[in-house]
Amino acid sequence: MDIKSVEKKWQQKWEKSKLNVFDPRSDAPKYYVLEMFSYPSGAKLHIGHWYNYGPADSFARFKRMQGYNVFQPMGFDAFGLPAENYAIKTGVHPKDSTEKNIETMERQLRAMGAMFDWSAEIKTCEENYYKWTQWMFLKLYQKGLAYRKEAPVNWCPSCNTVLANEQVIDGRCERCDSVVVRKNLTQWFFKITEYAEELLSGLDRLDWPEKTKNMQRNWIGKSTGCEIEFTSEQGDPIRVFTTRCDTVFGVTYIVLAPEHPLARKLATPEQREAVEEYIDYAARANEIERLSTTREKTGVFTGAYAVHPLTGRKVPVYLADYVLATYGTGAVMAVPAHDERDYAFAKKYGLPIEKVIEKRGGETELPFCEDGIVVGSGALNFDGLFGDEARDAIATYISKLGKGGKKLNYRLRDWLVSRQRYWGAPIPVVHCPVCGAVPVPEKDLPVKLPYDVEFRPDGKSPLAKHEKFMRTTCPKCGGAAQRDPDTLDTFVCSSWYYLRYADAANDREPFSRAAVDRLLPVDTYVGGAEHACMHLLYARFFTKALRDMGYLDFDEPFKRLVHQGVILGPDGNRMSKSHGNIVSPDEYVEQYGADAFRLYLMFGFSYTEGGPWSDDGIKAIAKFMDRVEKLVLKTEEYKKPKEQEAYGAAEKDGLDLVAWGVVREYGNRAVRHEFSPYLRLDELYDGAACAELREAVLDCNAELGAPFGKLVRRDIVAENRIFFDEELLNYAEDVEWNFRLFASVRRAVILSEYAHHYVYHPASLTSLITEQNAQSAVLCFGKIRGGIKHTPDEERLQEQIDYRFLFMLTAISICGFFHPKNEASYSEKKRAFKAYVAQDEVKRTLRSPSRKRLSFAQRTVIFCMRHRWCFALRILASVRYREKKAA
RNA sequence: GCCGCUGUGGUGGAAUUGGCAGACGCGUCGGAUUUAGGAUCCGAUGGGCAACCGUGCAGGUUCGAGCCCUGUCAGCGGCACCA
């Protein structure tokens with residue numbers, strides 16, 4: 001078959017027919033399948049794109065065949081640093097290079113044969129999109145969720161911009177790997193911390209990979225503890241946060257972060273110089289050094305003392321950079337006996353170490369950091385309490401004193417969104433010397449990004465150097481003012497794009513409520529795991545904020561999340577230029593076609609794991625497709641009407657059952673994104689199911705083959721369309737086109753002009769179970785011991801199970817009365833069995849509704865009820881197969 | 001250090017709710033076809049002569065465990081001076 005022309009033909013047909021466009025008037029339930037949109041980098045689609053979009057698209061098709069009105073849009077995350085860095089290197093303007101890249105990628109995405117709804121396409125760098133990104137900023141500002149403050153920020157000296165915490169990996173810039181330095185800058189922040197609790201608790205209800213949910217949980221980092229107020233001798237309150245207030249009686253000193261506001265103030269004249277020096281030192285030390293756990297702790301005594309709120313004891317106040325200014329209160333109470341860090345610090349500076357917790361039932365060895373029994377509370381009488389109990393009591397006491405109390409703390413920091421770069425959405429704020437920071441009125445949006453800018457990297461934002469852009473008037477007082485020279489982090493753009501898709505052409509608002517209500521939330525979201533703590537967290541934050549402003553009616557943007565794995569190079573390493581192991585999709589698509597390529601991606605890997613690429617793998621797929629075609633061509637010969645009806649009822653029923661089972665099975669897996677194992681041509685005609693049929697199919701010259709001819713074709717073409725439609729797309733449709741024989745299709749298959757858009761509803765099991773084939777397998781001692789015929793009526797099966805059946809199973813299983821190894825005569829077995837079941841306890845067991853107390857027999861019956869179709873069939877098939885072989 | 005995930009043939013990886021482990025491929029071996037090679041098709045392929053034994057290791061629950069429980073080891077991923 002000429003795969004390329006077939007692909008082209010069908011892709012054009014779909015395009016013309018607009019079958020991929022979401023139909024808002026349809027009555028069918030909606031299903032929103034979303035893949036993370038692409039960043040238009042210079043290169044063509046790489047294998048990661050294909051792996052993300054190909055199988056996800058097959059999933060979308062599957063949902064469509066199940067009768068859903070599927071919405072699957074595609075767009076481009078077009079702003080971002082790489083385009084700007086490319087401009088600095090080559091002089092090509094980011095807008096030009098981005099547009100060119102998008103054009104290329106669009107073409108490639110279309111050639112992939114995916115059913116993207118291009119009518120909803122969005123590009124975040126276009127005015128009609130970033131206008132609304134700016135609108136989002138204004139809304140957050142109005143709601144008090146965007147604010148400006150001077151804060152120590154992560155500065156990447158190579159990218160010349162600040163980075164969000166999430167973008168700093170091991171003290172280095174996520175993008176360029178340079179060492180990040182700390183800098184004080186006035187920047188815009190989004191108050192994501194306001195939603196910390198909901199972002200955390202909402203995770204429980206999401207159908208997301210556990211791993212990802214855990215990463216977010218860690219990132220949010222909730223800890224339950226207690227705030228305690230100490231007082232300096234001069235009277236300044238020093239609040240500390242601790243999760244171990246049960247150790248409060250062991251406090252022998254206090255430590256402040258070097259950036260703590262009281263650090264300088266508390267220093268005594270004698271210590272002033274040393275303190276200044278230390279603060280200086282800490283500011284210079286870069287993140288890497290500071291974060292290293294192996295590094296020896298450093299610190300300095302302020303000369304000041306603080307008063308312990310419970311004991312009235314005076315304890316020295318130290319500065320040390322092992323305390324972080326940005327977490328908790330920026331100050332900790334040090335309990336060297338029960339904290340490793342405090343212990344190490346106390347040892348080094350010769351501070352007292354006092355045991356106040358005792359190990360329960362054992363020798364207490366310091367530092368002892370586990371829960372234990374309070375022993376050092378003195379007159380306050382907390383001695384003897386353990387762990388939580390002690391913490392509860394002490395925290396309650398502290399709050400009664402008015403010196404603090406229970407407190408929740410989060411590791412999550414506010415999201416820094418200013419970027420000193422050009423290629424992003426300008427921050428819609430004007431700085432007026434009179435009015436201060438004034439938001440740009442909605443009607444003046446968008447704040448347009450100028451085209452003619454200077455990219456030379458000199459630490460200043462390119463926009464800051466663009467006079468025409470910067471000079472403006474204050475919207476409030478009308479006086480001369482300056483624009484904010486920064487742009488928004490590109491993660492702001494991607495925090496709401498899934499909403500825009502629903503109403504991409506709207507030029508009056510970011511989205512209409514009606515459109516969003518119809519399509520959102522996203523039912524299945526597919527993309528890489530690397531966004532766990534950034535995009536996926538930010539997007540959730542946006543959704544919740546917009547909900548609270550009344551624009552949305554749901555809490556979570558992505559109901560279900562699937563991460564695709566990573567396709568590695570043939571050598572098992574990550575694909576990279578330095579390894580020289582990059583597999584380019586293009587050459588394979590050229591040789592085998594897009595369908596074969598996609599099929600291999602689904603078939604050759606576990607979707608969420610990925611794995612090394614193999615040339616043999618894709619060859620095997622090509623071979624598979626070849627065999628399907630041959631099989632269909634062969635069966636074409638069996639068309640004679642008389643012979644068509646010659647196959648027996650039993651065979652037909654058997655085949656129906658198999659088809660039903662496989663279709664159901666496939667469906668079960670497909671909804672879980674487990675595609676790989678269910679493309680077995682052979683299984684359909686396997687010995688387990690229909691040995692005769694398989695022979696007939698594989699040897700078309702055999703006499704037996706003729707009666708099955710039509711059935712085979714029906715099955716391959718009609719029943720298994722579910723496989724082909726999804727994964728073989730164009731190819732399958734052409735096969736079908738050439739051999740359409742739908743006359744005998746009994747399923748509720750709705751025909752339309754375009755084969756792959758059939759709605760497929762597998763028939764119910766009940767309709768397939770007949771008097772002939774309703775059987776259960778009898779399992780006993782772990783093996784199948786036989787089959788039992790019963791009623792085909794699924795609903796009434798339970799009551800129709802006759803006592804003999806039940807008792808026989810009981811006998812076989814529990815007592816072994818009828819076990820093959822039991823040598824007694826039949827009547828002896830029967831007598832023993834009857835005596836056994838006459839016992840009250842056995843009777844009770846047999847009637848017990850509790851699953852736990854069910855006997856084996858009952859469980860077997862239940863099991864068989866659930867599985868009977870498959871086991872019954874297998875028994876039938878294998879018996880028949882054996883008989884035939886013997887004959 | 002803490003949290004999470006994963007351990008199945010020579011190999012990628014199957015196995016529904018605990019129910020015939022190793023599907024479907026790749027590779028290998030044998031056969032057919034071919035002047036030959038390639039391609040294609042057919043058969044065999046966990047171990048053991050056998051009964052049997054086999055899902056990282058050691059236990060446990062169960063009539064029955066790859067799957068559930070306890071412990072342990074290894075690999076991967078994330079977090080990491082977060083008080």
Quick one: what pairs do we get from the stretch A:110-127, first residue acidic (Asp, Glu), second open to solvent by 10 Å² or more (accessible area, probe 1.4 Å), C-beta under 6 Å, 6+ apart or different chains?
-> A:Asp117/A:Asn20; A:Asp117/A:Val21; A:Asp117/A:Phe22; A:Glu127/A:Pro446
For A:Cys369: the one exception among (1) modelled with pLDDT under 85; (2) at positive phi = (2)
Among the numbered conditions (1) at pLDDT 90 or above; (2) open to solvent by less than 50 Å² (accessible area, probe 1.4 Å); (3) in contact with a Leu (Cβ under 9 Å, 6 or more places away or on another chain), tell me where A:Lys191 comes up short.
-> (2)
Restricting attention to the stretch A:60-111, which residues are of a type in the set (S, T, N, Q) and open to solvent by 10 Å² or more (accessible area, probe 1.4 Å)?
-> A:Gln66, A:Asn69, A:Asn85, A:Thr90, A:Ser97, A:Asn101, A:Thr104, A:Gln108
Does A:Ala539 count as touching a residue at least 12 places away in the same chain (Cβ under 8 Å) and closer than 21 Å to A:Ile220 by Cα?
-> yes
Flag for A:Glu363 being out of contact with any strand residue (DSSP E or B) (no Cβ under 8 Å at 6 or more places or on another chain), assigned to a loop (DSSP other than H, G, I, E, B), open to solvent by 20 Å² or more (accessible area, probe 1.4 Å) and within 16 Å of RNA strand B (Cβ to nearest atom) = no
Lone unmet requirement of (1) open to solvent by less than 20 Å² (accessible area, probe 1.4 Å); (2) under 30 Å from A:Thr193 (Cβ atoms); (3) under 42 Å from the mean Cα position of the chain (by Cα); (4) away from RNA strand B (no atom under 12 Å from the Cβ) for A:Asp371 | (1)
Could you please find all residues in the stretch A:336-354 being within 10 Å of RNA strand B (Cβ to nearest atom) and part of a loop (DSSP other than H, G, I, E, B)?
-> A:Asp339
Do we have A:Glu609 as open to solvent by 50 Å² or more (accessible area, probe 1.4 Å), among the acidic types (Asp, Glu) and in contact (Cβ under 8 Å) with a residue 24 or more places away in the chain here?
-> yes
If you check A:Ala337, A:Ala320, which single one turns out to be farther than 24 Å from A:Val179 by Cβ, in contact (Cβ under 8 Å) with a residue 24 or more places away in the chain and buried (at least 18 other Cβ atoms within 10 Å of the Cβ)?
-> A:Ala337
Those residues of the stretch A:194-233 that are within 30 Å of A:Val307 (Cβ to Cβ), within 12 Å of RNA strand B (Cβ to nearest atom), surrounded by 15 or more Cβ atoms within 10 Å (Cβ to Cβ) and not charged (D, E, K, R) come to a total of 3
May I ask you to verify whether A:Asp383 is out of contact with any helix residue (DSSP H, G or I) (no Cβ under 8 Å at 6 or more places or on another chain), acidic (Asp, Glu), surrounded by fewer than 17 Cβ atoms within 10 Å (Cβ to Cβ) and not in a loop (DSSP other than H, G, I, E, B)?
-> no
Qualifying position, being under 23 Å from A:Trp155 (Cα atoms), among the hydrophobic types (A, V, I, L, M, F, W, C) and either at pLDDT 85 or above or more than 8 Å from RNA strand B (Cβ to nearest atom) (or both), among A:Ile357, A:Ile279 = A:Ile279
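Pick out the one residue from A:Glu121, A:Glu106 that is within 29 Å of the chain's Cα centre (by Cα), among the acidic types (Asp, Glu) and within 20 Å of A:Gly48 (Cα to Cα).
A:Glu106
The values are calculated or read from the model by the stated rules, or taken from the named source; none is laboratory data. Quick caveat, the model's predicted, so the values are computed rather than measured. When we count neighbours, we look across all protein chains shown, and the Cβ atoms used for this are built from the backbone with ideal geometry, even at glycine. Protein only, heavy atoms only, side chains kept; ligands, DNA and RNA dropped before computing areas. Shrake-Rupley method; radii C 1.70, N 1.55, O 1.52, S 1.80 Å.
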